[in-house]
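Everything on this sheet refers to the single structure shown next.
The values are calculated or read from the model by the stated rules, or taken from the named source; none is laboratory data. Note that the coordinates shown come from a computational prediction; the quantities given were computed from them, not determined experimentally. Please note: Cβ atoms are built from the backbone with ideal geometry, for glycine as well, and neighbour counts cover all protein chains shown.
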């Protein structure tokens with residue numbers, strides 16, 4: 001029988017930026033929680049890199065490789081300081097190519113790819129970089145985006161995991177990741193379902209209108225169906241349901257203030273019905289107050 005080959009464990013991009021440092025810290029802790037390897041990956045320009053530096057060319061290529069080794073050394077120190085025990089194993093890789101395509105290739109052998117995203121002092125001023133965006137669209141496994149401008153609260157380790165739920169079967173991917181994350185962190189899971197039904201709620205006065213009970217019952221049923229069976233698999237996870245009549249993005253972003261992690265879907269692999277990345281998921285990834293995992297389906301190599 002073939003099995004998924006995810007020997008790289010958690011892959012995190014390393015480039016020496018503050019966003020990369022934040023990503024390495026988070027990735028190291030996540031690898032420790034999952035008891036899987038951590039892979040520190042620094043991508044060199046095409047034709048300049050090697051997997052472990054088995055051969056070099058003179059001049060600029062040598063200096064780039066030396067600089068890359070220094071960045072990986074620094075990342076390793078950050079990872080070691082971020083954990084109590086440390087990941088089970090740490091790999092260092094310096095492949096060559098374009099950053100997005102190279103990390104996408106590495107994601108074929110990973111449980112998760114982690115990318116840093118640099119902030120500029122305010123949530124509204126953030127910009128989702130080309131690497132984060134490219135991985136969210138192309139990675140062969142889930143992608144975590146970590147902002148460097150979000151300080152972790154003192155009690156963040158006790159904060160819940162947040163997951164967005166809709167009525168699509170594909171949202172099972174996001175739910176599976178969220179339950180696993182909550183279980184490993186020993187925290188509650190908050191399942192958020194946001195919906196809007198024009199005409200049911202007066203736009204000026206926030207009071208239930210005609211048809212509200214029936215619609216509320218329908219939305220409750222959607223959430224119950226999506227969560228069915230997961231409680232048996234994760235009896236240790238306390239689930240709190242949050243059903244709100246609101247646009248999904250602001251509901252998730254607002255609720256993220258009291259969470260430690262948000263899990264959303266991406267096009268074709270969960271999230272909110274009819275959503276293309278660039279709407280709900282993009283807004284949550286960009287504006288969330290905590291790290292976000294975009295729940296892409298794992299399409300790993302088999303052996």
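Points worth noting:
- Single unsatisfied condition, residue 126 versus (1) at pLDDT below 95; (2) closer than 22 Å to residue 29 by Cβ: (2)
- Pick from region 151-171, criterion in a loop (DSSP other than H, G, I, E, B), over 18 Å from residue 33 (Cβ atoms) and in contact with a helix residue (DSSP H, G or I) (Cβ under 8 Å, 6 or more places away or on another chain), ranking: modelled with the highest pLDDT: 165
Conditions (1) in the same structural domain as residue 32 (by TED's automatic domain parsing); (2) buried (at least 22 other Cβ atoms within 10 Å of the Cβ); (3) in a helix (DSSP H, G or I); (4) at pLDDT 95 or above, marked per residue:
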site: 116; (1), (2), (3), (4): yes, yes, no, no
site: 135; (1), (2), (3), (4): yes, yes, yes, no
site: 174; (1), (2), (3), (4): no, yes, yes, no
site: 178; (1), (2), (3), (4): no, yes, yes, yes
site: 184; (1), (2), (3), (4): no, no, yes, yes
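- Just one of the listed residues (263, 237, 223, 253) is surrounded by 14 or more Cβ atoms within 10 Å (Cβ to Cβ), assigned by TED's automatic domain parsing to the domain that holds residue 164 and either without any contact (Cβ under 8 Å) to a residue 24 or more places away in the chain or assigned to a loop (DSSP other than H, G, I, E, B) (or both), namely 237.
- When the residues of region 266-288 are filtered to those that are outside any loop (DSSP other than H, G, I, E, B), over 21 Å from residue 30 (Cβ atoms) and touching a helix residue (DSSP H, G or I) at 6+ places or on another chain (Cβ under 7 Å), the one that is modelled with the lowest pLDDT is 280.
- Scan of region 55-85 for residues that are modelled with pLDDT under 90 and under 27 Å from the mean Cα position of the chain (by Cα), ordered by number: 84, 85
- Test result for residue 18, in contact with a helix residue (DSSP H, G or I) (Cβ under 6 Å, 6 or more places away or on another chain) and at pLDDT below 95: no
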